[in-house]
Every structure is written in structure tokens, then in C-alpha cells.
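Asker: The structure that follows is given in the form of C-alpha cells.
The values are calculated or read from the model by the stated rules, or taken from the named source; none is laboratory data. Quantities reported herein were computed from a predicted structural model and do not represent experimental measurements. Note that we place each Cβ from the backbone using ideal geometry, even for glycine, and neighbour counts take in every protein chain shown.
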Amino acid sequence: MINAISRGLLWVLVLLVTSNVLAAEKQITVREFSLTQGALREQLVANIRFEYTLDDKLRDSLLNGVTLVNEIRFDLITHSEWWWDSKVRLDSIVTELKYHALSHNYQLLDRHSRESWNFSSLAAALAFMGTVNGHHLPSIPIEAFGNDSAIYVSAVLGPKGEGAFSITTLFSEKTELVSQGVMWPLTR
């Protein structure tokens, strides 16, 4: 009887440990986050570090020629007691990650500036992609300060697709990673 209970507890422990390991396989984690005041009160400067952990499916698709698109989003959210919160996109940083099989390099392309960087390892490319230093956000309306508003920052990483209405999206799994967001309240 005691052996059966101890075996049962051992199985529960093994299931808990493996489920935590499997749950941690693919994710985007916020490691550092700060907003500082820029030259004007209405302008904020963002410093963020996201950590990316890819699952085997995303890693294999990258190695097989699929381009991954990363978007770091900056939203202005104003809370409402009567209706839904309002959300306005302030800015976004969009990058593409590709693997070149001939050179064995990972190429990161900034869609806005068209600047590109090459990395010899996936870990280095993901670390660079997730680091945002000194990013100036557009001016925030002065009425947002002290009006129960906040800056909400999140990241999304997924394969570059043909769009939301392609026939392949109906029959394929959703393989994108979405981070938990970070909210920074705007005070007076």
C-alpha cells in the first residue's frame, strides 16, 4: 500500500516536472524594462530586453528557410470604467530573422531602417533582436498623463506568412509566440 502511494506520488512529481519543462520550451520573457523621460515631458525613451526561447518547430522552420517576423509593440491604453479600454498603437519595431544555409549565418533585418546584421549563432541573433536601447517613442498626448493611462509593451514572434486570409492558415497550427505584456502607468 505504501509502495503504491509512493509510486503514485513519484509519477505526479515526474508529470509536474516535465510539464514545467515543456511549458518553458517556447516563450518570450521580459527580462528588463524601463521608460525614461526624453527631452520633452511628452516623449519617453524605452529600454527593454526580451528573452526568446524557441520550440523545435520554430527552430526547424527557420533552418529550413522560413523567415521569422518579430514585432515589439508600444500601445497607449486608457482605462475606462464604463466601457472597454481604448488602445492606440504608438509605435512598433519590426524585424525579420532568416537563416542562410550556405554561410551558416543568421541575418536580422530591421524593416523600418532596412539595416541588417549577421550572427554566427541563433542565441546571439535572438539576444540582439530582443534588446531595445534608447528607443524614442512618439510624443504622448499631455492629457494621457494622470488620466488612468499606461504604456503597454509586448512582443510577438512568428513565421512570415501570406496573410490572414490564405488557405494555409485554415489548416495549420498557430506557431507564433506572444509575450506577456508590461504596463507602465503614466503619472503626472
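Asker: Which pairs do you get when a residue that is more than 15 Å from Arg59 (Cβ to Cβ), found in the stretch 86-102, comes within reach of a residue that is outside any strand (DSSP E or B) and of a type in the set (A, V, I, L, M, F, W, C), reach meaning Cβ atoms under 7 angstrom, with the pair 6+ apart or on two chains?
Answerer: Cβ pairs passing all conditions: Leu90/Leu137; Asp91/Leu137; Thr95/Met129.
Asker: What tally of residues in the stretch 169-183 results from selecting those that are in a loop (DSSP other than H, G, I, E, B), surrounded by 13 or more Cβ atoms within 10 Å (Cβ to Cβ), at pLDDT 75 or above and not charged (D, E, K, R)?
Answerer: 2
Asker: While we're looking at this one, here's another question. Give me the residue from the stretch 133-168 that is aromatic (Phe, Trp, Tyr) and modelled with pLDDT of 80 or more and, out of that set, nearest to Arg111 (Cα to Cα).
Answerer: Tyr152
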